[in-house]
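Values quoted throughout were computed directly from the atomic coordinates according to the rules given, and no laboratory measurement underlies them. What you are looking at is a predicted structure, and each value in this text was computed from that prediction instead of being measured. Ideal geometry is used to build each Cβ from the backbone, glycine not excepted, and the neighbour counts take in all protein chains shown.
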Amino acid sequence: MNDEIPYRIGIGFDAHELKRGRPFVLGGTPLPYHLGLSGHSDGDVLLHALMDAILGALALPDIGVLFPVTSPEYKNIDSRNLLKMVLRKMRQRKWRLAQIDCVIVCDRPKLAPHTPLLRKTLASLLKLRENMIGLKAKTTEGTRFALPNKSVSALVVTLLVPKPKIQNR
Ligand code: MG
């Protein structure tokens, strides 16, 4: 049941190491690069931060609790499947996603050329219009926020609104 306020906000963060022999998957989109993101699942930092933002808006435990690394069933799992489970939890609680805003922090690879494709994929995964998806790829000028070829991190903010009630005709 919804509380009195007609919206919920959430924030999520994640960071993963870049390693050889791993696919580079971001926001459910495989991108060409000689390094990939390490992790128990496919290492998709953007979807992980997004799921934590949705769960945060619902005041539910984060993905580390929901999908523990000790569970073999989540080993190398496609994060899109984890996202589906999180979206189901949101819908069961009668909320829907209205807007997201994402920051990917990554010095290399350069992500700017890929952001239109990332936004398109996110829109389709989330059933959200592209103009409701903020997406920025930020470099950090060699500072320690993201060391080139070492790590990628992501921050996501979500806005949830009540799911419309089905009208009786
Ligand atoms: Mg993660």
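Descriptive notes on the structure:
- Residues whose amide H falls under 5 Å from that of S151, counting only those 5 or more places apart or on a different chain, are L18, with hydrogens built in the peptide plane.
- Looking at the range 52-142, the GluC sites (Glu not before Pro) that sit in a DSSP loop and have at most 10 other Cβ atoms within 10 Å of their own Cβ are E141.
- Shape analysis of the chain based on the Cα gyration tensor places the equivalent ellipsoid semi-axes at 28, 18, 14 Å, largest first.
- Counted charge near A112, where neighbours are those whose Cβ lies closer than 14 Å (Asp, Glu -1; Lys, Arg +1): +4
- The chain: relative contact order in percent, alpha carbon pairs under 8 Å with at least 6 residues between: 33
- Farthest positive-ward along the chain dipole, Cα basis, beta-carbon charges - from A98, L18, A53: A98
- For the pair N131 and L117, the difference between a 0.36 nm per residue extended length and the Cα-Cα distance amounts to 3.7 nm.
- Helix 79-92 axis versus longest C-alpha principal axis of the chain: approximately 20°, rounded to the nearest ten.
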